[in-house]
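Structure, as structure tokens:
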Amino acid sequence: MEQQLIPEGSLLWEPSDALIDRTNAAGYINWLDERHGLKFNDYQSLWEWSVTQIETFWASIWDYFQIISHETYENVLSRSNAGKRVENAIWFQGATLNYAENALRRRDDSPAIIANHESGTTRTISFRELAKQVGAVAEGMRRYGVSKGDCVVGYLPNTIEAAIGTLAAASIGAAWSSCPPEFGTMSVIERFEQLEPKLLIAADGYTYNGKEFDRMEAVEEIRNGLPTLELTVLFPYLNSSASSPDENGIVTWEQFGVQGAELRFEAVPFNHPLWVVYSSGTTGAPKAIVHGHGGSLLEHYKAIALHLDVIADDRFFWFSTTGWIMWNINLSGLLVGACVVVYDGSPGYPDMTALWRMAEKCKVTHFGVSAPYLMSCLKADIAPGQQFDLSSMRCVGSTGAPLPPEGFAWVYQRVGNDLLMASISGGTDVLTAFVMSSPMLPIYAGEMQCRALGCKVEAFNDAGQPVIEEVGELVITEPMPSMPLYFLKDPDGSRYHESYFDTYE
């Protein structure tokens, strides 16, 4: 089939009034009217309110999504020391909560995670069983001395066990950080040593492009490079019958969990560490960026529900490894009661239709990938919408790089003509996208739809003035709850300041 070229800015899709009325965002707008007497006729007016009345906006997100908390907050936002500087913003003082408690509030037999492997095999775990397994692994962590404030690290492929590990750590107030097993040992040690972790959960290897890669030597090198480790939990991924070596400090995944243990949640402050993620490390060692329970909760509820329009029982997929921020965002589909779909392996094996075949099998509603992947599908001249039953799909997500107009056109010509093409941009720094999609707005080829709610995104010129229709430096001029709490190994905050606040106050 011949690919039609479409000029940048061409209208590709427009939501019907009926579709807009069914969106989560419309429900939120109606709730704001009924609860607070606030009326918004369009997205732009809602966005302007969200970035000028930011305390009221974020308090409304807390209420609308019924955040489970143990102690409520005393005030939404305080800005210490320097007036209105973004740098010194402190959110939701006094509140105590737990990310995992919110993520695991659903406890039925519907699928919570569907894990796909490039070989075509699939494993499914229900919400009820997920909570049981998180409780078992959390109790294993406690038994081996992990407690609130400690760090747990994972050297794992994108599997159900990686999700269980992070939720278990979160439930007891321990921070989690992960790297995929294809990372070289020095890259992993360079990242993990900053956390001074007490526990490592590591796979014995991984598969990619139909080939197996044994990583036991790498696991041993990582163990030796992390002097604070007290225990390594070996997850036998390549060899399911692998047993624990006759060696102190290693147990298998099966030996580690305490089956039948009660799932308990440690109430932690809003800004208690949840996840440690990393800058690219292009200039020196990767910065270890710490994100908190409360900021992650509020931001991901907002992004996943109001922008991507994910609802309970949707099948929410974003192709990622455990080392990319989209893994954290994908996992947060649990917050809205959606089924999280994950994939381990090469997206091009055995050919470029692999992920689309998976989408048909799993009835994926939200299909998230990178822009380069979509362009590779275009170049491979595949037509997923004709080859597979993608009738469940409502949204195709794209991030990681700009998607050119022909990429947008390919989605509407070859995947489906009635989809939300969610081309989004954001970053590890704020644990989310700050330029976002909205099912209430039209789609134009090569253009992102909107600035995200609560994100005061501007383009600044060299003089620090906002500009439109000019090239500028992207800045966020009001604080967000999901800003980094701090960097590790940065006791005086100087690296944090230099990274974000040196150029523009």
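The values are calculated or read from the model by the stated rules, or taken from the named source; none is laboratory data. Note that the structure is predicted; figures quoted are calculated from it, not measured. A quick note on method: Cβ atoms are made from the backbone with ideal geometry, for glycine too, and the neighbour counts reach across all protein chains shown. Note: accessible area is taken over every heavy atom of the protein model, side chains too, but ligands, DNA and RNA are not part of it. Shrake-Rupley method; radii C 1.70, N 1.55, O 1.52, S 1.80 Å.
Structure data summary
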item: Residue, most open to solvent (accessible area, probe 1.4 Å), within the stretch 70-89, restricted to residues that are of a type in the set (Gly, Ala, Ser) and assigned to a loop (DSSP other than H, G, I, E, B); result: GLY83
item: Single residue of the stretch 253-311 satisfying the filter (open to solvent by less than 10 Å² (accessible area, probe 1.4 Å) and among the hydroxyl-bearing types (Ser, Thr, Tyr)) that is farthest from VAL137 (Cα to Cα); result: TYR301
item: Selected residue (criterion: nearest to MET483 (Cα to Cα)) from residues of the stretch 49-58 that are outside any loop (DSSP other than H, G, I, E, B) and open to solvent by 20 Å² or more (accessible area, probe 1.4 Å); result: GLU55
item: Qualifying position, being small (Gly, Ala, Ser), at pLDDT 95 or above and either at positive phi or in a loop (DSSP other than H, G, I, E, B) (or both), among SER391, SER376; result: SER391
item: Yes/no for ILE329 being under 14 Å from the mean Cα position of the chain (by Cα) and either closer than 19 Å to VAL430 by Cα or open to solvent by 20 Å² or more (accessible area, probe 1.4 Å) (or both); result: yes
item: Unmet requirement for ASN248, which otherwise passes all of (1) at pLDDT 95 or above; (2) surrounded by fewer than 16 Cβ atoms within 10 Å (Cβ to Cβ); result: (1)
item: Boolean, ASP462 is of a type in the set (Asp, Glu), at pLDDT 95 or above and either outside any helix (DSSP H, G or I) or touching a Gly at 6+ places or on another chain (Cβ under 6 Å) (or both); result: no
item: Subset of the stretch 90-100 [surrounded by fewer than 22 Cβ atoms within 10 Å (Cβ to Cβ), within 23 Å of the chain's Cα centre (by Cα) and of a type outside the set (S, T, N, Q)]; result: ILE90
item: Within the stretch 409-456, strands (runs of 3 or more DSSP E) holding 2 or more residues that are modelled with pLDDT of 95 or more; result: 420-423, 432-436
item: Matching option when the condition is without any contact (Cβ under 8 Å) to a residue 24 or more places away in the chain, in contact with a strand residue (DSSP E or B) (Cβ under 8 Å, 6 or more places away or on another chain) and closer than 23 Å to GLU196 by Cα, among GLY472, GLY493; result: GLY493
item: Evaluation of GLU266 against (1) acidic (Asp, Glu); (2) part of a loop (DSSP other than H, G, I, E, B); (3) farther than 19 Å from SER177 by Cα (one fails), failing number; result: (3)
item: The stretch 263-284 residues that are more than 10 Å from ASN98 (Cα to Cα) and at pLDDT 95 or above, paired with ones that are among the basic types (Lys, Arg) and outside any loop (DSSP other than H, G, I, E, B) (beta carbon under 8 Å, 6 or more apart); result: LEU263/LYS132; TYR278/ARG191
